[in-house]
1. Rounded to the nearest 0.05, what FRET efficiency is calculated for Phe40 and Asp130 with R0 set to 25 Å and r the Cβ-Cβ distance?
2. Given H placed 1.01 Å from N in the peptide plane, which residues other than close sequence neighbours of Leu29 have an amide H under 5 Å from its amide H?
3. What spacing in nm lies between the two simple spin-label points modelled at Leu81 and Asp140, each 7 Å away from Cα in the Cβ direction?
4. Which far-off residues, 5 or more places away or on another chain, put their amide H under 5 Å from the one on Tyr87, with H placed in the peptide plane?
5. If the viscosity is 1.002 mPa s and the temperature 20 °C, what translational diffusion coefficient in µm²/s does Stokes-Einstein give for the stretch 62-144 when Rh comes from Kirkwood over Cα pairs?
6. How are the Cα pair distances of the stretch 1-68 distributed, in percent, across 10 Å bins from 0?
7. How much FRET efficiency would the formula 1/(1 + (r/R0)^6) give for Thr121 and Tyr74, where r is the Cβ-Cβ distance and R0 is 35 Å, rounded to 0.05?
8. Within the P(r) computed for the stretch 43-89, what percentage of the Cα pairs occupies the region above 14 Å?
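Read-outs: derived from the displayed coordinates by stated rules, not from any lab. On a predicted model such as this, the values are computed, not experimentally measured, just so you know. Heads up, the Cβs are rebuilt from the backbone with ideal geometry, glycines too, and the neighbour counts pull from every protein chain shown.
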Amino acid sequence: MSYLPDDMPLPLATPDDAPYWQYCRERKLHIQRCGSCRTFRHPPMPLCAECGSAAIEWTPVSGDGTIFSYTVAYHPTHPALKSAVPYNIAVVMLDDAGDVRLVSNLVDAAPEEMRIGLPVTLTWEPTPDDGYLARFRKRDGDGR
């Protein structure tokens, strides 16, 4: 079962983030990293904001992180979301990707369970086009 409705439009790949989406199709979380100064960056960009290098590498990361910020939507921002409210939008700080934060959803938390600092881990949600979206679940052992 999908966290958001199946008729929600899927993200469209750009030349910069196409490798990210291809890795997601393979259920692998890879984050772009500068090949010169090794700074992680997301969303993907053609040049490093730290050193200006065009050298790019894609680095696998664990998918573990913590909720950096979040909001709970009670009003649909797209017609396809009408039946999904309330839903959360979570900003996840990845544990092993520098300062990278992914915008996603926490699929197993009620609105009142959301909190900054909540440990989370990656889960893959199938999409209607045979791909996958990176979503998150509460990490085992949180205890709250």
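1. On the way: r = 28 Å, r/R0 = 1.12.
In this case the efficiency is close to 0.35.
2. Val61
3. 3.2 nm
4. Those lying under 5 Å, H to H, from Tyr87 are Ala73.
5. 161 µm²/s
6. Spelled out bin by bin, the stretch 1-68 gives 19, 42, 32, 7, 1 percent.
7. Details: r = 26 Å, r/R0 = 0.76.
The calculated FRET efficiency here is 0.85.
8. Working: 751 of 1081 pairs.
In whole percent, the long-distance tail amounts to 69.
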